1. Here is a check on your reading of the model: is VAL53 touching a residue at least 40 places away in the same chain (Cβ under 8 Å), open to solvent by less than 20 Å² (accessible area, probe 1.4 Å) and in contact with a helix residue (DSSP H, G or I) (Cβ under 9 Å, 6 or more places away or on another chain)?
2. Taking the stretch 32-49 on its own, how many of its residues are open to solvent by 10 Å² or more (accessible area, probe 1.4 Å), under 16 Å from the mean Cα position of the chain (by Cα) and of a type in the set (A, V, I, L, M, F, W, C)?
3. Among the residues of the stretch 59-90, which ones are farther than 22 Å from LEU39 by Cα, assigned to a loop (DSSP other than H, G, I, E, B) and open to solvent by 50 Å² or more (accessible area, probe 1.4 Å)?
4. Restricted to the stretch 125-153, and to residues that are among the acidic types (Asp, Glu) and over 12 Å from the mean Cα position of the chain (by Cα), which residue is nearest to LEU179 (Cα to Cα)?
5. When residues of the stretch 21-45 are filtered for being closer than 13 Å to ALA10 by Cα and either in contact with a helix residue (DSSP H, G or I) (Cβ under 9 Å, 6 or more places away or on another chain) or hydroxyl-bearing (Ser, Thr, Tyr) (or both), how many remain?
Amino acid sequence: SQSVHRVVVANGSEGEPASAKDRWLMCHRPHLVLDGLLLAAQALNATRTIVYVSDPQAIESMKGAISELATADLNLTTSIEVFTAPAIYVAGEETAVCRAINGGLVKPTAKPPRPFQKGVDGAPTLVSNVETLAHAAWISRHGAEAFREQGTEDSPGTTLLTLTGDCERPGVYEVPLGLTVEEVFNTVGGGYIN
């Protein structure tokens, strides 16, 4: 029987103004992202896996991590490609991701079909943010209960966020879900600059 062509994309295109969380993750924890990507690829029996990224430093970091995986002789069932995306706001929307990889204009398309129906190469495609894939890898290693130790009952876990502007400590931080913006700004960010 012929296998079905399926694609998994790690979406690291970060077009939101002043956001740096995905870039930080790909530069500082690239193997966590790749572990999540490979878990998704394995779960879907994907025939193609792609890291979609626009930041030059993140591109180099992901390529380096992919090279380390290749030399580790892990018997990967699929190779991991890096697709260089343009650094524009709409480039990270899931239909724009698929359209760009397919060689088209980097702009969203009308739906349906959605990427899970017909995306990259016309195949069913999972487009998942790099942070989501990193969470999947972490949960796979440590378990759901450990993940639920942070956050709230309805929103368990943590999230990465970028603090900028008039705070004492701008940067990228991992915080439990459930905190208000004011709580994050005052505690993690150190409050307003005096």
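The values are calculated or read from the model by the stated rules, or taken from the named source; none is laboratory data. Because the structure is a prediction, the values reported are computed rather than measured. Cβ: placed from backbone, ideal geometry, glycine included. Neighbour counts: every protein chain shown. The area values use the complete protein model at the heavy-atom level, side chains included, leaving out ligands, DNA and RNA. Shrake-Rupley method; radii C 1.70, N 1.55, O 1.52, S 1.80 Å.
1. When the stated conditions are applied, VAL53 passes them.
2. Number of matching residues: 4.
3. If the condition is that a residue be farther than 22 Å from LEU39 by Cα, assigned to a loop (DSSP other than H, G, I, E, B) and open to solvent by 50 Å² or more (accessible area, probe 1.4 Å), then ALA87, ILE88 are the ones that fit.
4. Taking the candidates together, the pick is GLU153.
5. Going through the stretch 21-45 one residue at a time, the tally reaches 15.
Rundown of residues vs (1) more than 26 Å from ALA87 (Cβ to Cβ); (2) among the small types (Gly, Ala, Ser); (3) out of contact with any strand residue (DSSP E or B) (no Cβ under 6 Å at 6 or more places or on another chain); (4) surrounded by 14 or more Cβ atoms within 10 Å (Cβ to Cβ), yes/no style:
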site: GLY119; (1), (2), (3), (4): no, yes, no, yes
site: ALA123; (1), (2), (3), (4): yes, yes, no, yes
site: ILE139; (1), (2), (3), (4): yes, no, yes, yes
site: HIS142; (1), (2), (3), (4): yes, no, yes, no
site: ALA146; (1), (2), (3), (4): yes, yes, yes, no
site: THR152; (1), (2), (3), (4): yes, no, yes, no
